[in-house]
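Structure record follows, encoded as structure tokens.
The values are calculated or read from the model by the stated rules, or taken from the named source; none is laboratory data. Quantities reported herein were computed from a predicted structural model and do not represent experimental measurements. Please note: Cβ atoms are built from the backbone with ideal geometry, for glycine as well, and neighbour counts cover all protein chains shown.
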Amino acid sequence: MNWGNPYNWGAADWQQATWGERFMFIDPYFWSYFGVGLALATSIIGASWGIFVTGVSLLGSTVKAPRIRSKNLISVIFCEAVAIYGVIMAIIMIGKIQTIESYPDGQQDECYTTALFNGYSLFWTGVSVGLSNLICGIAVGVTGSGCAIADAQTPETFVKILVVEIFGSALGLFGVIVGIIQCSGATFLKNCTS
Amino acid sequence: MGDSDIIEPSAYFFGYIGVASAVVFANLGSSYGATKSGVGICSMGVLKPDLIMKSVIPVVMAGILGIYGMIVGVILQGKVSSITAQSASKQGYAYLSAGLCCGLSSLAAGLSIGIVGDAGVRANAQQDRIFVGMILILIFAEALALYGLIVSLILSQTS
């Protein structure tokens, strides 16, 4: 996608442009794809953080109380779900990015501005989804770790702490819901208007 | 829209960053996984030498992460070399994103495999029944790298 010279800047314009004005010329596709990468990578970092925090406590407590092993794997599954939220969002966002092939005559500026809107919207979708899932993964991991240790000591506490874990898991869902709404307006159209 | 025969040079810059980051981050994760669980195996093996070979499983699973990074690196390198002029910069950014997805996911998975593997092999030495639980948690951790690989391969198909 060769943008050419959107806004038709001459040499004089480039010389006296502020950094904010130059910022607009960072390619919209960079923002979109970087948002996809952020959404996925930070979600998976959150999921892995949760898995190892809960995993070590689970394995350590099982030494003295082997009965807790299978029940507490559900904490690990909650963390894995966070990674799946990230994958779902990444695939939704990839589906929205298409090549703009042409634009109606005389509308290069509007086309480029619309593309910028799409790019920024996808980038910040990636940030909101990714950071929510990162935090959700850590929350579920720490809670799961406490759950395993408490369960090893007193079996009745398992279900009660699981309720706390479900509340933590909802954080990732909030991120996904907001992300879907955020990127719903971002549509790269093949002809820029249709 | 501009001159459609000239390939934007920055596309190659970003594309090759993607290739490098896929390999580098995946190998970082793989090495962390192998070393962290390896230390656990060595500590545990002093008192329970019979369990050493069973305990090498986390190290093998961490090694697979390096293979994922290599696969994505090779695929992306082929794609970056054949960037078409029509949407060159878009492809460059897509391949950057693909490399980062695979690399950072494998890094995260490697961290997880290392730490869980270390704790798991030490606990396995004290309690036989832990082995199955450790393998299950390691499989969940490995799946994270697989998700990154899948999204990378989807991204590498952009044109």
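In table form, for the structure just shown:
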| quantity | calculated |
| --- | --- |
| Given (1) out of contact with any Lys or Arg (no Cβ under 8 Å at 6 or more places or on another chain); (2) part of a helix (DSSP H, G or I); (3) surrounded by 19 or more Cβ atoms within 10 Å (Cβ to Cβ), number of the condition residue A:183 does not satisfy | (1) |
| Condition check for residue A:70: within 30 Å of residue B:85 (Cα to Cα), facing chain B (nearest Cβ under 8 Å) and at pLDDT below 95 | no |
| Region A:46-67, subset touching a Leu at 6+ places or on another chain (Cβ under 9 Å) and at the interface with chain B (Cβ under 8 Å from one of its Cβ atoms), residue nearest to residue A:130 (Cα to Cα) | A:47 |
| Leading residue by the ranking (farthest from residue B:12 (Cα to Cα)) among those in region B:84-110 that are within 7 Å of another protein chain (Cβ to nearest Cβ) and of a type in the set (Ser, Thr, Tyr) | B:105 |
| Single match in B:72, B:121 (criterion: β-branched (Val, Ile, Thr), more than 11 Å from chain A (Cβ to nearest Cβ) and buried (at least 24 other Cβ atoms within 10 Å of the Cβ)) | B:72 |
| Test result for residue A:110, charged (D, E, K, R) and either touching a helix residue (DSSP H, G or I) at 6+ places or on another chain (Cβ under 6 Å) or over 15 Å from residue A:191 (Cα atoms) (or both) | no |
| Top-ranked residue of region B:135-146 - restricted to ones that are crowded, with 24+ Cβ neighbours inside 10 Å and in contact (Cβ under 8 Å) with a residue 24 or more places away in the chain, ranked as farthest from the chain's Cα centre (by Cα) | B:138 |
| Hits in region B:5-47 - residues which are outside any helix (DSSP H, G or I) and surrounded by 15 or more Cβ atoms within 10 Å (Cβ to Cβ) | B:7, B:8 |
| Failed condition for residue A:90, given (1) crowded, with 22+ Cβ neighbours inside 10 Å; (2) at pLDDT below 95 | (2) |
| Subset of region A:1-44 (residues that are farther than 16 Å from residue A:94 by Cα, in a helix (DSSP H, G or I) and of a type in the set (Phe, Trp, Tyr)) | A:7, A:14, A:19, A:23 |
| Residue check, residue A:74 surrounded by fewer than 24 Cβ atoms within 10 Å (Cβ to Cβ) and under 14 Å from residue A:132 (Cα atoms) | no |
| Test set (1) more than 14 Å from every other protein chain (Cβ to nearest Cβ); (2) more than 24 Å from the chain's Cα centre (by Cα) - residue B:6 fails condition number | (1) |
| Set A:158, A:167: member being surrounded by fewer than 22 Cβ atoms within 10 Å (Cβ to Cβ), touching a residue at least 12 places away in the same chain (Cβ under 8 Å) and aromatic (Phe, Trp, Tyr) | A:158 |
| Residue that is nearest to the chain's Cα centre (by Cα), among those in region A:82-129 that are within 30 Å of residue A:2 (Cβ to Cβ) and of a type in the set (Gly, Ala, Ser) | A:126 |
| Residues (at the interface with another protein chain (Cβ under 7 Å from one of its Cβ atoms) and not in a helix (DSSP H, G or I)) located in region A:73-101 | A:99 |
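To keep it simple, each residue is scored yes or no on (1) farther than 27 Å from residue A:138 by Cβ; (2) basic (Lys, Arg); (3) without any contact (Cβ under 8 Å) to a residue 40 or more places away in the chain.
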| site | (1), (2), (3) |
| --- | --- |
| B:48 | yes, yes, no |
| B:53 | yes, no, yes |
| B:58 | no, no, no |
| B:67 | yes, no, yes |
| B:71 | yes, no, no |
| B:75 | yes, no, no |
| B:78 | yes, no, yes |
| B:100 | no, no, no |
| B:110 | no, no, no |
